[in-house]
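The values are calculated or read from the model by the stated rules, or taken from the named source; none is laboratory data. It should be emphasised that the depicted structure is a prediction, and the values quoted were computed from it without experimental measurement. Glycine gets a Cβ as well: all are built from the backbone with ideal geometry, and neighbour counts include every protein chain shown.
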Amino acid sequence: MPKLVTKRQNDVSEIELKVMSMYAKVMSNRIISVILKDIYGFEKSHETISRIIDRVKRHFTMWQSKPHKPVYAFVYVDVMVTKAKNNGRVVNKAAYTLIGIDTEW
C-alpha cells in the first residue's frame, strides 16, 4: 500500500492536489472520500474534504481578483467544450483558459 505521509511529516499537499483534481472533475465530497479510502486505504471525512476545497478556493479567489496589467505582449486563449447535465438535460459547457504574458519577462 502506498504511503503518502511519512512519520513526522506535516505536508500533505499531494493529497490536497488529488482532492482538488477530483473536485474539479465534479465529484462530490462523499465520492472523493470513498475514492481516497479505496485507493489509499485511509478515510477523510466529508468535513475535512470540504475544508481542503474551501482553503484552495480562497487562494483561487485571491488570485482571480488580482488587478490585470494594461498591456500584455502575448495572450493565449483556449477553450474546452464538454457535456454536462443541466436541469436533467445534457448541454455543452465551455471552459476558457486565458494566459497573458506581460512585457516584464
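Values for this structure:
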{"read-out": "Checking SER65 against (1) under 21 Å from MET27 (Cβ atoms); (2) within 19 Å of the chain's Cα centre (by Cα); (3) not hydrophobic (A, V, I, L, M, F, W, C), the condition it does not meet", "value": "(1)"}
{"read-out": "Test result for PHE60, at pLDDT below 80, under 18 Å from LYS25 (Cα atoms) and in the same structural domain as SER21 (by TED's automatic domain parsing)", "value": "yes"}
{"read-out": "Tabulated pairs, the range 90-105, first closer than 16 Å to PRO70 by Cβ, second small (Gly, Ala, Ser) and modelled with pLDDT of 85 or more, C-beta under 6 angstrom, 6+ apart or interchain", "value": "ILE101/ALA73; THR103/ALA73"}
{"read-out": "Condition check for LYS69: in contact with an Asp or Glu (Cβ under 8 Å, 6 or more places away or on another chain) and charged (D, E, K, R)", "value": "yes"}
{"read-out": "Scan of the range 68-100 for residues that are of a type in the set (A, V, I, L, M) and assigned to a loop (DSSP other than H, G, I, E, B), ordered by number", "value": "VAL71, ALA73"}
